[in-house]
Amino acid sequence: MPPRCAVLRSRAGWCTAPSVSPDGIWISDAMLRQAIERYHRSSSQTCRTLSSCPGPIESRRRLGKRHMTAIIPDSRSLPPPWSIEFPLRPGEWKWEAPNTVGERLQNRKKFSPRRLLDRLIGWLEDRSQDTPSPDMSAPQPRLVEAATASSFQRSIAELHQRIIALDLAHANEKAIWTACKPFLRRVRSSIRRRMISSEDLIIALDPFDSQVTSQVAPELLDAIRSRLATLLLRVIYITRAGLEHDAYTGEFWQASVNLLTELRTQQFEKYFYFFRLAQCIPHKRHELLTTALVRNMIVGFIEFQASLPFPHKHSTSHNVILSAAIRELECHRPAVLWKEVMGILNERHCGDDLLRHQRQAVMTMSFTASATSRECFSMYPCEWTSEDAFLFTKGRLWATRYLEGSSAPSFIHLDVAGLNWVKMVDEIQAAPKAERDILLKQLCRSTIKTGQFRLMAEQLVEKMPSNTRLFREIAIASGNYRKARLLWRLVRDRWNIRYIVHHWDWTAWTPYVEAMIKDPDINVNLIWEMLALNWNQPNEALPGRAMCGINSQTELLEMMGRWFLEADHLTERQALHCVVQCLGVYQSIDKKVSPRMLLCVIDVVIRDLERGQRGRQERLAWMVRLIRKHMGPREADDVLFQLQGWRWTIENRTQAPCKPTVKKIEEELKVLAREATRGGLRQQSFSVVKEPERELEVADVVEQEASSQS
C-alpha cells in the first residue's frame, strides 16, 4: 500500500513521500485528534480540530481523503516534499463552509476500511481509551460561550463597582472615563478576537445601570456614552473582513441607532458618534438611518455650532466630521436635503439668530463634496466677512481635495482667525501639477465670489514677492482678466516690468486678450504692456505653456488684428491704428508678413469702398505697396486692377441720369420720323412710332394734376 500524503498534488492522485524526511514527522489523524482533545480538556482556550474546517485550498470532496497530517517545525533545512498550487490572484480563492456536525456523524457511521484502520491504529496507540466519538467535542463550544459570557459579566460588575466608588455628585468626565477604560479595553479585545456576541455588544454600548444614570448629570453621561460607543464602533470598523461584512445582527445596529436618538444634549461627541455609525454600518442596514434622522442630525449640528463663539479653533474639524458622515450615507439628493434644512431653520429661528444659523449652515455645506459652490453662494444670507470667506474657502478646498482622492491637506488645521492665505497657497503649491491646477481654480473662484481676492493677492505679493510663476498660475486659474490684471499690477509695482516678463510671459494672457480688446474700459496701451511681445522672447511658446491653440506670438498678432476689427467701441481710425501696430510688431518678429495679417490690413482699408465711398488714395496705394512687398508684383497688380474697377464703378454710380424733358422727347420723335421717311421703319407698325406721343400726353396729364394739387 503506497504512503499517503496530507496535501495531494491533483484531485485524484497520490504523492510518494521521501524515504527520509529530516524536516517533519508523519502521524495518523487519530493520534492528532486525541492530542488536540486532551489539550482542549486541559486548557480553556478555544481551539478547533484541524479536520473540522478545511481551508481555502481544500474542499468537501477532499475532506474524506485526508487521513495523515504532517507536523513540520518552523525552521527547516529542506523544502517540503510536496508543492501547493496557489491561485495567481488571491481574490479568486473559493472557501467552502465546513460540514455540519450531523453530516460528520453520518459520515463516521458509514462503513469504510480506512475508518476501521484509523480506529485500530488509535486503539493500538492508547488501549485505555477508544477512538474519540463525535459527542466528546460537541459540548466544547458551549463551554467556551459560557466562559466568555461569564468574563463579560465580570467586566460589567467591575465597571459598576469602580463607578459607584466615585463621588458621582462631584465627579468630572475625566474621572468617570478613567473608570471605564479597563472595561473598554476588555470589550475591544473581545471584538478583535471575535469572542463577543451581539447581545453582549448591545449591553456594552450602554453599560450603565439606573443607579449611575440617576446620579450623573445628563450632559456628562451623554458624553461618556458617546465616547464609549464611538470607540467600540471604531474597533468593529477596523476589524471587519470587508466593506460589506456584517458580523453582528440587526438588533445590534438598531440599538446603535436608538442610542443616537437617546442622546439629547448638544455636544460634539454626539455628532462624532453619528459619523462613526454612518461609517461603520453596513450598506444593507442603511435604512435604519432614515432621511428624517439624518436631517435632524444636520439641523442639530448647525444649531450646536451656531451656539459656539465664531470663529473657534475647532470649527474646521467639526465641519469635516459632519461632511464625512453625510458622504458615508450617500445622500442622493443633497440640494433637496439642504433646502429642507434651511426650511427647518427658518421655522425655528428669526432675526439675527436666523442669520447666524444660516451662515453656519453654509459653512457646513461648503465642506460637503456633493454640494456645489453655486448652491452655497445662493444660500448665504448677507455680505461675506473675512472669517466666513476664509472658512468657506477651506471647506471648498477640502471638498475638492477629497473628490480628487487625496489625503487631508495640512491647511485644514489653520486657524480661521489668522486668515493666513499664504500658508494655504503654500500647501496648494506643494500638491501635484494636475491637482494643483484644480485647487487653484477653486481657490480663485471662492475668493472672487466672496470678495477676498484682492486681500489674498496683497498678502501673497507682500510675503512671496519673488514667486512670479505662482502668480502666473493664479492669473490663469482665476479665469477673470480683471483679477489677473490686478495681480499683475501689484507685482509690477513691486518689481520692474522686465522681471515680470521673464517669468510671466505672453502665453498667460492668451485666454484674456480678446475680452480685454473688446472691453472699452481697458486702455490698449496697457494691453501691449502686459503682453510685452518681442521683449527678448522667442516667437514660439515654451513647451507646455501654449493655450487656446495659439503657439506663437505671430499667431496671437493675427488674432489680435481680427479682434481689433470686431471691437465695437473703436472708431475706424483707432481700429486702423491698432491693426497697423499689430503689423509693426509682427514685422519686428518676422520679416515676412503672413496672408492672414495682410487680410486684416485690407479689411480695415477698404471699409470706405464697402460703404460706397471712393476711399483714401494714399491708404490704397500704401496697401498695394505692402502687398507688392510681401505677396509679389502679380498679386499687387491684380489687387490694383480690382481697386480701380471698384472706384470707377462708384464714380459712375454717383453720376445720376438726367431727367427726360419735353424738348428731348420731341427731338427723339423727329429722329424717328426722319428714319421712318427714309424707309427704316417700313416693316414696323405705325403705332410704334406714335407711342411716344401717347406717353407724352400721359406725362402732360400727370404734370397738370400735380400742378393743380400744389
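The values are calculated or read from the model by the stated rules, or taken from the named source; none is laboratory data. These numbers were taken from a predicted model, which means no experiment stands behind them. Neighbour counts run over all protein chains shown; Cβ positions are idealised from the backbone, glycine included.
Structure notes:
- Conditions (1) assigned to a helix (DSSP H, G or I); (2) β-branched (Val, Ile, Thr); (3) at pLDDT below 90: number failed by THR368: (1)
- From the options VAL362, VAL416, residue that is modelled with pLDDT under 85 and of a type in the set (Val, Ile, Thr): VAL416
- Against the numbered list (1) at pLDDT 90 or above; (2) surrounded by 14 or more Cβ atoms within 10 Å (Cβ to Cβ); (3) more than 19 Å from ALA546 (Cα to Cα), ARG492 comes up short only at (1).
- Between LEU345, LEU322, the distinction of being part of a helix (DSSP H, G or I) and modelled with pLDDT of 90 or more belongs to LEU345 only.
- For the range 284-303, the criterion of being more than 19 Å from GLU269 (Cβ to Cβ) and small (Gly, Ala, Ser) is met by at least one residue.
- Residues (within 20 Å of TYR273 (Cα to Cα), of a type outside the set (A, V, I, L, M) and crowded, with 16+ Cβ neighbours inside 10 Å) located in the range 182-214: PHE183, ARG188, ASP200, ASP206, PRO207, PHE208
- Qualifying positions in the range 495-516 - at pLDDT below 90 and surrounded by fewer than 18 Cβ atoms within 10 Å (Cβ to Cβ): TRP495, ASN496, ILE497, ARG498, TYR499, HIS502, HIS503
- Within the range 272-319, the set of residues being part of a loop (DSSP other than H, G, I, E, B) and within 17 Å of VAL341 (Cβ to Cβ) comprises LEU289, THR290.
- Residue tally, condition more than 21 Å from HIS312 (Cβ to Cβ), buried (at least 16 other Cβ atoms within 10 Å of the Cβ) and of a type in the set (Gly, Ala, Ser), over the range 364-392: 4
Condition check ((1) at pLDDT below 55; (2) β-branched (Val, Ile, Thr); (3) surrounded by 12 or more Cβ atoms within 10 Å (Cβ to Cβ); (4) touching a Gly at 6+ places or on another chain (Cβ under 9 Å)) across all residues:
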{"position": "LYS94", "(1), (2), (3), (4)": "no, no, no, no"}
{"position": "PRO98", "(1), (2), (3), (4)": "no, no, yes, no"}
{"position": "GLU125", "(1), (2), (3), (4)": "no, no, yes, no"}
{"position": "VAL144", "(1), (2), (3), (4)": "yes, yes, yes, no"}
{"position": "ALA149", "(1), (2), (3), (4)": "yes, no, yes, no"}
{"position": "ILE156", "(1), (2), (3), (4)": "no, yes, yes, no"}
{"position": "ILE163", "(1), (2), (3), (4)": "no, yes, yes, no"}
{"position": "GLU173", "(1), (2), (3), (4)": "no, no, yes, no"}
{"position": "CYS180", "(1), (2), (3), (4)": "no, no, yes, no"}
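- Filtering the range 241-265 to residues that are surrounded by fewer than 15 Cβ atoms within 10 Å (Cβ to Cβ) and under 10 Å from LEU288 (Cβ atoms) leaves GLY250, GLN254, ASN258.
- Residues within the range 457-480 that are loosely packed, with under 15 Cβ neighbours inside 10 Å and farther than 15 Å from ALA389 by Cβ, tallied: 6
- Selection count where residues are surrounded by fewer than 13 Cβ atoms within 10 Å (Cβ to Cβ) and of a type in the set (D, E, K, R), scope the range 517-528: 1
- Matching helices (runs of 4 or more DSSP H) fully within the range 566-635 where at least 2 residues are over 50 Å from the mean Cα position of the chain (by Cα) and crowded, with 17+ Cβ neighbours inside 10 Å: 617-630
- So LEU337, is it modelled with pLDDT of 90 or more and either of a type in the set (S, T, N, Q) or part of a helix (DSSP H, G or I) (or both): no
- Among (1) basic (Lys, Arg); (2) crowded, with 18+ Cβ neighbours inside 10 Å; (3) in contact with a Leu (Cβ under 7 Å, 6 or more places away or on another chain), the one test that ARG454 misses: (2)
- Subset of the range 334-383 [among the hydroxyl-bearing types (Ser, Thr, Tyr) and in contact with a Cys (Cβ under 6 Å, 6 or more places away or on another chain)]: SER366
- ALA515 meets the conditions (1) assigned to a loop (DSSP other than H, G, I, E, B); (2) closer than 18 Å to SER478 by Cα in every case but one. The failed one is (1).
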